[in-house]
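Take a look at the structure set out below.
The values are calculated or read from the model by the stated rules, or taken from the named source; none is laboratory data. Note that this is a predicted model, so its numbers are computed, not measured. Backbone-built Cβ (ideal geometry, glycine too); neighbour counts: all protein chains shown.
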Amino acid sequence: MARRRAADYEAKRTHLLRTAAPLFARHGYDRTSLSMIAVAAGVSKGLVYHYYADKDAVLADIIRRHLAELIEVVTAAAAKDDRPPERRLADMAVALLAAYRDADAEHQVQVAHLRLLPEPVQEELKDMERVLVTLFADALAAVAPPLAGDRRLLKPLTMSLFGMLNWAFFWFRENGPMTRRDYAELAARMVVLGARDLAGMPPIATSRTARAATNRARVQTAS
């Protein structure tokens, strides 16, 4: 008979991952040990081994869970409805950047340390990253349909949006002149305008939301 898991099994595992992510982000993968994770989590090293066979498994699970959460929120924001395509893309960017809130460590770990994992695990996680890229590429193609079959332009535009959102943790401050939502709106709009220009389409009118975000940033910067 299979051994039953304790009722708090998932809660304890989540606690270990939440503890490990900032350690990896702060000290690097090589300088973070399972013993450090155990001490920071307030558990025995044996308990860590009860959940994970080695440090690679901890790192992989941090990134796997983080990507799964991102895919979930972006997929929800990408649901097709009566929104204009540029609004849907902006909502996806807002959802992604909001998901990074309180997950900056997990995001840094994904960006910096995924490449250190064994090749088969890397491929699994890169497949999850590709799901996110495809969601955004499809949404961007809806904004500028002539680019839908032009990988030469669509991919660079898509990855440019990711670049603006994914590296914001280096400089973004919650008490700065822009909120996360404002910045996500701005990043999405810059890419939309560029995509439509490259596709030979007329520019879109500035939305009320985009104008409000820009005005808030100007006011806060001036003050």
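Thr32 passes every criterion in (1) assigned to a loop (DSSP other than H, G, I, E, B); (2) in the same structural domain as Asp104 (by TED's automatic domain parsing) apart from (2).
Scanning the stretch 117-138 for residues that are among the β-branched types (Val, Ile, Thr) and more than 16 Å from Pro156 (Cβ to Cβ), which turns out surrounded by the most Cβ atoms within 10 Å (Cβ to Cβ)? Checking each candidate, the answer is Val121.
Scan the stretch 99-115 residue by residue and report those that are in a helix (DSSP H, G or I) and either surrounded by fewer than 16 Cβ atoms within 10 Å (Cβ to Cβ) or polar (S, T, N, Q) (or both). Give the derivation first.
Here is the first cut: in the stretch 99-115, the ones in a helix (DSSP H, G or I) are 99, 104-115.
Within the stretch 99-115, Gln108, Gln110, Val111, Ala112, Arg115 qualify.
Okay, residues lined up against (1) exposed (fewer than 14 other Cβ atoms within 10 Å of the Cβ); (2) within 22 Å of Asp102 (Cα to Cα); (3) touching a residue at least 24 places away in the same chain (Cβ under 8 Å):
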site: Leu17; (1), (2), (3): no, yes, yes
site: Thr32; (1), (2), (3): no, yes, no
site: Ser35; (1), (2), (3): yes, no, no
site: Val39; (1), (2), (3): no, yes, no
site: Asp61; (1), (2), (3): no, yes, yes
